[in-house]
Structure formats: C-alpha cells, structure tokens
1. Go through the residues of region 123-140 one by one and say whether even a single one is among the charged types (D, E, K, R) and assigned to a strand (DSSP E or B).
2. Being among the aliphatic types (A, V, I, L, M) and either at pLDDT 95 or above or under 18 Å from Ala117 (Cβ atoms) (or both) is the filter here; which residues of region 74-100 pass it?
3. Kindly establish whether Leu101 is in a helix (DSSP H, G or I) and under 21 Å from the mean Cα position of the chain (by Cα).
4. Please go through region 83-98 and give me each residue that is among the aliphatic types (A, V, I, L, M) and more than 15 Å from Leu257 (Cβ to Cβ), ordered by number.
5. Go through region 255-280 and report how many residues are assigned to a loop (DSSP other than H, G, I, E, B) and either assigned by TED's automatic domain parsing to the domain that holds Ala55 or among the aliphatic types (A, V, I, L, M) (or both).
6. Scan region 255-275 residue by residue and report those that are crowded, with 16+ Cβ neighbours inside 10 Å and either touching a His at 6+ places or on another chain (Cβ under 8 Å) or modelled with pLDDT under 90 (or both).
7. Kindly indicate which of Thr234, Thr210, Thr227 is in contact with a helix residue (DSSP H, G or I) (Cβ under 7 Å, 6 or more places away or on another chain) and in the same structural domain as Leu101 (by TED's automatic domain parsing).
8. If we keep just the residues of region 51-70 that are of a type outside the set (Val, Ile, Thr) and modelled with pLDDT under 90, which is farthest from Lys187 (Cα to Cα)?
Amino acid sequence: MFSFFKKWVAEIKGGKVDWDEVEAHLIQSDLGLPLTEKILGRLKGQALSDQTVTAAASQAILELWPQPVRQLTPAAANGSPAVWLIIGVNGTGKTTSIAKLANRYKKAGKKVHLVGADTFRAAAIDQLKVWADRLGLGFSAGKEGGDPAAAAFQGLEEAKRAGADLVIIDTAGRLHNKENLMRELEKVKRVIQKLVPDAPHETLLVLDGTNGSNAFDQAKQFHKFLTISGIIVTKLDTSSKGGAVAAIKAEEQIDPLFVGLGEGMDDLVEFNPQDYVGRFFR
C-alpha cells in the first residue's frame, strides 16, 4: 500500500471519503489546484478501492503524455552547429546539468563546445571551465562583468570555427520575476541569431524538483519571454514527488526532457512518464 494514500484508502473502505483531505494531499505534492481538481473530478466518478485510488490518479497524470516524450538529437545543419541555450534561477544545478548534457552527447560522438555567458558570477565560468577540461570539450567564456550577449556571440563564433556539432550556452541564473533580466536573455537570443539564424535550437529550463509551486511559476515566466522547448528537472533523487512537472505540462504543455537523479555524470536520464508516476505515488 502506498503510504501517500494509507489514511485516504482507510476512509474509503470505511465509507465516506473526505475529499477535502484528498485535495490537500494532492496539492501538498505540488500538483497545483487546476490539475488536482481534474484528478478529483475523475476519482469521484468511480467506485474506488485500495487499488483503484492510486491507479485512477496515476492514469490521470499519465494521460498528460499520450505520446512518447521526444528525444533530443543534436546535429549540425547548413554548416552550423546545434545551439542550446540553458536558463534558470540560481541554485537549480544548471551548470552541473550542462556538464551532464555535454558528457552524454560527447559519448554519442558529438563534438561539444561549452560557452560561459554567465558573466555576473565569476565562479560560474570557472566551474564550467573545470567541467570542459575534465570532459575534453571546447570552451569559451566572457569576462566577469561583461555583456552576456557578447560572450554568447563570441563563444558561438569560436565554436563554429572549431567545427562543433553542439554548442551549449550557459546563462546567468536570474529571478524569473525580474523583467529586466528576462529581457537580457531575449538579447542573448537575438545576438546569437546573427550567426545562426534559427538559434537557439533548444531553450532548456533547469528546475529544482523540490521547489514545488515556485518551479511552476518559474516555468510560466521563462516561457513567456523565451518559449521554452523543454525542461531539465534536478534533485528528483530526494523525497520530493515533483508534482510541479505534471502541473507545468498540464498548463503550459512543456515537456520535461531530462531528470537529474544524482551528482554523477551519468545521473541525468531521459524523462519517462511511467517512472515519474511510479515515484510520485510510492
């Protein structure tokens, strides 16, 4: 029996269900009110048992992904590399996630080049360079306090000259509710398009899976300014249920593409809805 539902199921067996308590359970797992109400509406229309409670809730969440989640396949086109822009707030594990991505695609035979455009935090560039050296990757970076857009432009120039297949650009962590900082990301996007007109080919938002409703707010605001193409969810090796992942998919139709399950270079795995739901209700 899933511990999440022990008291809930006991009440069902005894008769009347306390739907207010059921609602509280789901919201506390960060599913958000709209998705919680959808699930409740479905559950209330069924004759529930200790098996069908979890099965019905799981199925409602799984239906958010009627098709397999797409896989990223970076490839150079028209003589230009694939360009991925990585965004997110501070503390989500953004730089480490970049290293894991780079490691993944280097192993797949791609020539990967990292660009440090986080010119506000000196340690960010140093950290990214350490990873580039350790993994044997191309690396470029701007100067501390410099223009992030210029750093991205120059880094992309160097990556093109080096014949990179995939360029991953790190950006400064920023609060999603600071419009001036979000506009700066728009500038980075405009500037790199002078070199590669259809760049960035992916705009990936890194979210901390333990942040709950705040993760949902981050996704909504970043998407408003940049049109996120996918999400990397970190720290799901914790006790967090990661309900915000489902809430974001339900409202914004943005797929999580990767999940971070640890600190190792191989601890970034492709998102699997069945595995996610299995973790959620255990």
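1. no
2. Correct list: Ala82, Val83, Leu85, Ile86, Ile87, Val89, Ile98, Ala99.
3. yes
4. Across region 83-98, the qualifying residues are Val83, Val89.
5. Total satisfying the criteria: 2.
6. Leu261
7. Thr234
8. Gln51
The values are calculated or read from the model by the stated rules, or taken from the named source; none is laboratory data. It should be emphasised that the depicted structure is a prediction, and the values quoted were computed from it without experimental measurement. Backbone-built Cβ (ideal geometry, glycine too); neighbour counts: all protein chains shown.
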